[in-house]
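Novice: I have a structure I would like to understand better, so I am pasting it below and will then ask my questions one at a time.
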Amino acid sequence: MSFSLTLLELTVLLSELLGLYAVCPEHEKGMYQRDRPLITPERLLAHLDALGPRKGTRLVRRALAMACVRSGSPRETKLSLRLSLRPELGGYGLNILSMNEPVEVERIHDRLKKGARRPDILIAGPGQPGQGRRVAAVEYNGRDHDTPRQIAEDAKRTNELVAVDIPEFVVRREQYGDLDYMDGLVERIREKIGLPRQVRGAELRARLRRLRWELYQELELIDGITWAGRERERERRDAAVSGWDVVPADAYGLA
């Protein structure tokens, strides 16, 4: 697949193989859940080592370094990539500590009873001397979270995480495509995990914002079934040659 996919498409594909879901258009939800990933990063790296310096392996290694591990859905993958990819690739550059891994909490109705929550995305801040890293949870709430029962369960999860000093940020489907909202949300996340405020010139801010929008748009076109990223790259290059003001594909990691 590395011969025909862009780097971003390959990253999304690897995130599915390393994740807890499988894209399936015939399914009611467009996917079904897995109990465990098809492969781990360690097994894939061992396979690449066994292949040696064959064509395509270098691109797979690059994609693997950016791919999500234990993502629970295509939307979680895309949100995680937007949060974690480097700014020059259109991301926010946050450190994803884990996805859907258990975090020990105390049950709200019984403080003597321990339990576990599995945040969609757990983000870690910088380490402090003699102290642990500050973390924040990010949840993506799609249509499945609109039922009264799920709303109540989500509230329990939020309260139990906050009770153990893990702030939780929720991204709804209506907010995911709002770049201004996402920019503001990430600033709040950065504050909570102890990252310094970013100081950038107006020209750089505008360029990075444009790359964030380009990344969002390209991710929306990746459905896990059809892989047309390279064709879109060619169209962008042709448009640029024709005089259109288009960001080159390789500027945000798609080449």
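The values are calculated or read from the model by the stated rules, or taken from the named source; none is laboratory data. In this text the structure is predicted, and so the values were computed from the model without any measurement. Cβ sites come from the backbone with ideal geometry, for glycine too, and all protein chains shown count toward neighbours. Each accessible area value is taken on the protein alone, full model and side chains, heavy atoms only, with ligands, DNA and RNA left out. Shrake-Rupley method; radii C 1.70, N 1.55, O 1.52, S 1.80 Å.
Novice: Share of the stretch 94-183's accessible area from carbon and sulfur, percent, 1.4 Å?
Specialist: 49
Novice: Select from Tyr92, Tyr181, Tyr21 the residue whose mean-square fluctuation is largest in a Gaussian network model of the chain (Cα-Cα springs shorter than 10 Å).
Specialist: Sorting by GNM fluctuation, first place goes to Tyr181.
Novice: How far is helix 148-163 tilted off the main Cα axis of the chain, in degrees rounded to 10, range 0 to 90?
Specialist: Orientation of helix 148-163: about 80 degrees from the principal axis.
Novice: Quick one: Kirkwood hydrodynamic radius for the stretch 68-194, alpha-carbon pairs, angstrom, one decimal?
Specialist: Mean inverse Cα-Cα distance, inverted, gives 15.3 Å.
Novice: Quick one: putting +1 on the C-beta of Lys and Arg, -1 on the C-beta of Asp and Glu, what dipole do you get for the chain around its Cα centre, in Debye to the nearest 20?
Specialist: Computed charge dipole of the chain: roughly 700 debye.
Novice: Between Val105 and residues 5 or more places away or on another chain, which pairs have amide H atoms under 5 Å apart, with H built 1.01 Å from N, and which residues are they?
Specialist: Gly115, Ala116, Arg117
Novice: Here's a follow-up. Starting from the Cα of Lys113, draw a straight line to each of the aspartates and glutamates and keep only those under 15 Å, dropping any in the same chain fewer than 8 residues away.
Specialist: Result set, ordered by chain and number: Glu104, Glu160.
Novice: For the chain, what does the relative contact order come out to in percent, with C-alpha contacts under 8 Å and a separation of six or more?
Specialist: Contact order relative to length: 19 percent.
Novice: Assuming a ≥ b ≥ c are the square roots of the Cα gyration tensor eigenvalues, decide whether the stretch 164-235 counts as rounded (a/c under 1.5), prolate (otherwise, with a/b larger than b/c) or oblate.
Specialist: oblate
Novice: List, largest first, the extents of the alpha carbons of the chain along their principal axes, each in whole Å.
Specialist: 65, 45, 42
Novice: With point charges of +1 on the Cβ of Lys and Arg and -1 on the Cβ of Asp and Glu, referenced to the Cα centre of the stretch 1-97, which listed residue (Ala67, Thr57, Gly30) lies farthest in the positive direction of the dipole?
Specialist: Going by the charge dipole, the pick is Thr57.
Novice: Once amide H atoms are built 1.01 Å from N in the peptide plane, which residues 5 or more positions from Arg172, or in another chain, come under 5 Å H to H?
Specialist: Under 5 Å from the amide H of Arg172: Asn141.
Novice: For the chain, build the charge dipole from Cβ charges (+1 Lys, Arg; -1 Asp, Glu) around the Cα centre, then report which of Tyr140, Val162, Tyr181 sits farthest towards its positive end.
Specialist: In the chain, that residue is Val162.
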